[in-house]
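Read the structure below first, then the notes.
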Amino acid sequence: MAGSYSEESLRNLAKVSFAVLQSPQLSAQDGQSFYDEPMLEISTLATSVIMQLKEFSDATEALAQDGDLAGLASAEGQLDPIITYPGGSSRESILALSLLYPAIRMAKVQPVNSEGEFCDLVLGNFASLKRAMRGEPVEITTVHGLNGISLPQDACIRTPWGIIIPIPEEARASASSSGAAPTSAVLIGKKPSPVRISRDGAPEAMVSPDFQSLEEHIRTLLPLAFVLGIDGGRHGAPGLTFSTRIVPFASGFGAGRRTFGHPREVLAVEEGQIAGIERWARLIEANHTPSLNIAARKLGSAISERYDVDDRLIDGVICWESLVGTSSETLHRVTTALAILLETNIGERPQLVKKLKETYDARSKVVHGTEVSETKRRAAADHSVEIAVRALRLIYSAGSEWTEGASESRANRIILGEWAQLRSATEANSPGSGV
């Protein structure tokens, strides 16, 4: 019966809170925080109004009487409960706010179009708290802000790391206040995780390899999915403006700001390109190995972050070397391996090798301070990036057998004929499809 009373009281609180948050004067942010993303901040004025409502008092009383939450009740001489989760912790003194704040933040990053949807968020947080009190895992929401991309209205890009959606219209003004390249979309994921609820003064940090791996893949592979997934035209990729985790019953949070990337230009993603991004995100996640980390990162930075043409050229060629670099005869073996990888017509390979060597030579001259004309440097930079894109598409498509191992081993296998054998077998089994 107590649980029903708690739920009904929380539902009433959610309804009136939703009404308060519809007021632009009450929901406006108080100002940009140095640590947190402005679009996720909650107005202290709105909080003050909510806390004075009868429904807030009723919900606070109902939660205090809920037997399932007895371990969270205030206790004289003891610290307030602290929620520890992978990547952070939050000490909770007012349980009603602990359930309300995460719902408000979720409503700031994904559309919540009705009072009923907001109530569902708050009651879902309450159910998660009950699970945590029983020692069960709960679902933590990971939120990553993205800039440098423009998505169609109501677009949704489904990736192995979460869904990418445009930020709600009402969040755009506060996002724009955070810098020259504001957040335009968010990547939202869900991950089950244990949490600890205690009254410790300084609880031990909770480390999760799953969350660490997720962060690494978002940094390295998410931009690559856009680069490889969009055919034709210019290449582009999003940058990451902030990263945070929303625990369903933790009022506090922190957001890492400007995690990486200041894209040179905004990439306008068209509806028809979304399927390609999704397909490449799945393929990259399935076949990526640490040996391709440098190639993936350097290609992403060359395309979306490097404002200087020389930096783009250097990063592009580093990507080549990370894919098929060798410890001896580097120029000859890298260009030969790339020509075999990319050109099916044997008669055309010498011309491609010549062009690859010209680009390689331009990179070497730039690095060593030899003057190269702006026209040649720009052409070489564009060529280095285009070759890297084509090469990575082929290698990822060939599966983990080709993404594993060091670059020299990969180059030797290509030069000694294994790539040609793979191509022949693929063409025999799937006429016209190629590798």
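The values are calculated or read from the model by the stated rules, or taken from the named source; none is laboratory data. Computed from a predicted structure; not experimentally measured. Glycine gets a Cβ as well: all are built from the backbone with ideal geometry, and neighbour counts include every protein chain shown.
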Please work out which one of (1) more than 36 Å from the chain's Cα centre (by Cα); (2) within 20 Å of GLY233 (Cβ to Cβ); (3) of a type in the set (Gly, Ala, Ser) is the condition ALA381 fails and give its number.
(1)
Does LEU222 meet the test of being within 12 Å of the chain's Cα centre (by Cα) and buried (at least 21 other Cβ atoms within 10 Å of the Cβ)?
yes
Answer from ILE294, ILE318 - the residue that is assigned to a helix (DSSP H, G or I), surrounded by fewer than 21 Cβ atoms within 10 Å (Cβ to Cβ) and not hydroxyl-bearing (Ser, Thr, Tyr):
ILE294
Please go through region 269-290 and pick out each residue that is more than 16 Å from ALA391 (Cα to Cα), assigned to a helix (DSSP H, G or I) and under 17 Å from the mean Cα position of the chain (by Cα).
ILE274, ILE277, GLU278, ARG279, ALA281, ARG282, GLU285, ALA286
Kindly establish whether GLY116 is free of Cβ contacts under 8 Å to residues at least 60 places away in the same chain, of a type in the set (Gly, Ala, Ser), on the phi < 0 side of the Ramachandran plot and surrounded by fewer than 22 Cβ atoms within 10 Å (Cβ to Cβ).
yes
Which one is modelled with the highest pLDDT among residues in region 76-94 that are over 30 Å from the mean Cα position of the chain (by Cα) and farther than 12 Å from SER198 by Cβ?
ILE94
Return the total of residues in region 398-417 being part of a helix (DSSP H, G or I), crowded, with 16+ Cβ neighbours inside 10 Å and not aromatic (Phe, Trp, Tyr).
9
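Which of the strands (runs of 3 or more DSSP E) contained wholly in region 144-196 include at least 2 residues that are under 30 Å from ARG134 (Cβ atoms) and at pLDDT 90 or above?
Strands (runs of 3 or more DSSP E) meeting the threshold: 162-166, 185-193.
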The condition from (1) of a type in the set (A, V, I, L, M, F, W, C); (2) within 25 Å of SER198 (Cα to Cα); (3) in contact (Cβ under 8 Å) with a residue 12 or more places away in the chain that VAL109 misses is numbered (2)
Given the condition more than 30 Å from ARG282 (Cα to Cα), assigned by TED's automatic domain parsing to the domain that holds SER198 and not acidic (Asp, Glu), answer yes or no: does some residue in region 135-156 qualify?
yes
Being without any contact (Cβ under 8 Å) to a residue 60 or more places away in the chain and assigned to a loop (DSSP other than H, G, I, E, B) is the filter here, so list the residues in region 202-221 that pass it.
ALA202
Failed condition for GLY325, given (1) over 18 Å from the mean Cα position of the chain (by Cα); (2) over 28 Å from ALA406 (Cα atoms); (3) outside the structural domain of LEU151 (by TED's automatic domain parsing), with all others met?
(2)
Give just the number: which of (1) more than 30 Å from LYS357 (Cβ to Cβ); (2) modelled with pLDDT under 95; (3) touching a strand residue (DSSP E or B) at 6+ places or on another chain (Cβ under 6 Å); (4) surrounded by fewer than 23 Cβ atoms within 10 Å (Cβ to Cβ) does GLY236 not satisfy?
(1)
Boolean, LEU228 is at pLDDT 95 or above, in the same structural domain as THR183 (by TED's automatic domain parsing) and either within 29 Å of ALA411 (Cβ to Cβ) or surrounded by fewer than 21 Cβ atoms within 10 Å (Cβ to Cβ) (or both)
yes
Considering region 103-130 alone, what residues qualify as being modelled with pLDDT of 95 or more and in contact with a strand residue (DSSP E or B) (Cβ under 6 Å, 6 or more places away or on another chain)?
SER128
Go through region 131-144 and report how many residues are in contact with a strand residue (DSSP E or B) (Cβ under 6 Å, 6 or more places away or on another chain) and either more than 15 Å from LYS190 (Cα to Cα) or charged (D, E, K, R) (or both).
3
Inside region 63-81, can you point out the residues that are part of a loop (DSSP other than H, G, I, E, B) and either more than 17 Å from GLU7 (Cα to Cα) or among the aliphatic types (A, V, I, L, M) (or both)?
ALA73, SER74, ALA75, GLU76, GLY77, GLN78, LEU79, ASP80, PRO81
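Taking ARG306, is it among the basic types (Lys, Arg), in a helix (DSSP H, G or I) and under 32 Å from the mean Cα position of the chain (by Cα)? Walk me through how you get there before you give the answer.
Working: among the basic types (Lys, Arg): yes; in a helix (DSSP H, G or I): no; under 32 Å from the mean Cα position of the chain (by Cα): yes.
So ARG306 does not fit the description; no.
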ALA255 vs. criteria at pLDDT below 95, surrounded by fewer than 17 Cβ atoms within 10 Å (Cβ to Cβ), touching a strand residue (DSSP E or B) at 6+ places or on another chain (Cβ under 7 Å) and aliphatic (A, V, I, L, M):
no
Which one is surrounded by the fewest Cβ atoms within 10 Å (Cβ to Cβ), of the residues in region 336-391 that are more than 17 Å from ILE314 (Cβ to Cβ) and of a type in the set (Val, Ile, Thr)?
THR375
